[in-house]
Amino acid sequence: MARPHLHGYLDPALPTMDAATISELNQHAARDLAKRSLPGGLIVLLALLISATASPIMDGASSIICSLFTIMTILVLLRLFSIRLLFCQRIRLKTWRLLSYIMFSISAAVWGFYVAASFYLYQNITINMVIMMFTIGIAAGAATSLFIWKRMTQLYLLLIFLPITSVIILQWNTLTASLIFGLAAYLVFLLVQAKRANTEYWRALCVNKLLQKQTNELVAARDQAEKASQAKTEFLSSMSHELRTPLNAILGFTQLLASDPESPPTREQKDSLNHILKASNHLLTLINQVLDLAKVESGKLELNLTEQHIGKLVEDCLPLIKTLADEKSVSLDIAPAPDCPVIADAMRLKQVLLNLLNNGVKYNRKGGKLILSYDQLGNHLRVRIRDTGIGISEKHQEKMFRSFSRLGQENSSTEGSGVGLVITRNLLEAMNGRLDFDSQKNQGSTFWFDLPLANN
Ligand code: ADP
């Protein structure tokens, strides 16, 4: 692993990258640079042609100009050829960079030499101004197209400006002094801008690459997690089916034995049969819960969402809750339901109510209270189930709604599996509702859920 070190760019702020990524980024940048610098050679060639035709240099030193023109033409053709090789991946990046280094340097030197010769041989202000304007344009073009390669940009600009500056110094006077000052300021400005653009380009390229890599990793992790979750759901679902069949047989035959009129069981045998029945029923509830959880998690839950009068469903649940409440001396305070139906699946809503009421009694104190009340909130009906029981500590509240988490009740005598609330919440969400709670240790808990009203 190494830090990104690309075309001379080294950013300590970026994390380390492997050699393959760095080479990929260098390849990307080289192509970018090739595309950006493609018109550069042609522009220098045209500038040479236009300015030399208008200048007396064409008469005085035509052989030099023709040689420069030939060199530039060969360079343009060579550059086109090398770019083609780069894009077809028929040249090694190192070789391409060396070739480009030579070609860009010769191209800059040709222009620098041409301008210096023109300034030295002819003091024609108009022509020299035209050539100077071309030089400024070429330098700006080089800075904006070669900035990806910082060292090359610096060398290119120096090769253009150094011969001109030398000639101007040779013809020293107040006018040339101010020209030198202007050129130096312009050169510094271009170098600073190119450096800044270089830093921003490489940073963006590296960050982009890292983001792309992280996104790919996240997508792969998500796919893997989804596959694992799917496998778990399928396993739970098929296991639960397989377990239910023999368990129903155990329950059936135990009931038969317990109530056989021909050979009635002794008192001791009856006690044992009752133990088997209790344990089997508990196991069946657990298996049914796991099956429900698998269904909810796999999205295979089938719901029949219709208008429901919640008061009627609460009434259906009360006899079941009352037995347990009487055992624990918990008093029930059930408010009358408002006359506004909700949209829900009757069987699943009953399951939700049973689970919350059951918990309200199970985790209550002896002699405690369980209060059920309603509130109409906009287009929702809120149902609150408050108990005066053991409550849930803040530490445990964070782990609420996690499958198989019993929040400190693992070793208590209160029976449970830790999946009821997860199923309840999922069921409510599937019915376009939501579940939440509020609890204080040793004070009690309030679980509430919202369901959409029917007449909306
Ligand atoms: P179970 O009751 O089968 O353990 P649940 O999913 O219904 O599973 O509840 C998960 C856990 O949340 C319980 O084990 C219990 O610790 C806590 N809990 C649920 N309801 C209450 C309540 N009304 N008061 C206190 N704790 C509760």
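The values are calculated or read from the model by the stated rules, or taken from the named source; none is laboratory data. In this text, all values refer to a predicted model and were calculated from it rather than measured experimentally. Positions of Cβ are generated from backbone atoms using ideal geometry, with glycine treated the same way; all protein chains shown enter the neighbour counts.
Summary of computed values
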read-out	value
Criterion (over 38 Å from the mean Cα position of the chain (by Cα), over 23 Å from LEU38 (Cβ atoms), at pLDDT below 90 and surrounded by 19 or more Cβ atoms within 10 Å (Cβ to Cβ)) met by exactly one of ILE164, ILE127, ILE168	ILE168
Candidate set: the range 364-391, residues that are within 14 Å of the ligand (Cβ to nearest atom) and part of a loop (DSSP other than H, G, I, E, B); chosen: the one nearest to the chain's Cα centre (by Cα)	GLY391
Among (1) of a type in the set (Phe, Trp, Tyr); (2) over 29 Å from the mean Cα position of the chain (by Cα); (3) assigned to a loop (DSSP other than H, G, I, E, B) - the single one PHE401 does not satisfy	(2)
Test: GLU394 is more than 9 Å from the ligand (Cβ to nearest atom), under 39 Å from the mean Cα position of the chain (by Cα) and more than 30 Å from LEU453 (Cβ to Cβ)	yes
Residue list for the range 404-433, filter: surrounded by fewer than 14 Cβ atoms within 10 Å (Cβ to Cβ), more than 10 Å from the ligand (Cβ to nearest atom) and either among the basic types (Lys, Arg) or assigned to a loop (DSSP other than H, G, I, E, B) (or both)	ASN411, SER413
Qualifying helices (runs of 4 or more DSSP H) (wholly inside the range 46-134; at least 1 residues being in contact with an Asp or Glu (Cβ under 6 Å, 6 or more places away or on another chain))	none
Residues that are within 16 Å of LEU353 (Cα to Cα) and either acidic (Asp, Glu) or touching a residue at least 40 places away in the same chain (Cβ under 8 Å) (or both), drawn from the range 397-431	VAL419, GLY420, LEU421, VAL422, ILE423, THR424, ASN426, LEU427, LEU428, GLU429, ALA430, MET431
The range 272-310, subset more than 15 Å from the ligand (Cβ to nearest atom), charged (D, E, K, R) and not in a loop (DSSP other than H, G, I, E, B), residue nearest to SER259 (Cα to Cα)	LYS278
One residue from ILE65, ILE57 being modelled with pLDDT under 85, over 32 Å from the mean Cα position of the chain (by Cα) and crowded, with 19+ Cβ neighbours inside 10 Å	ILE57
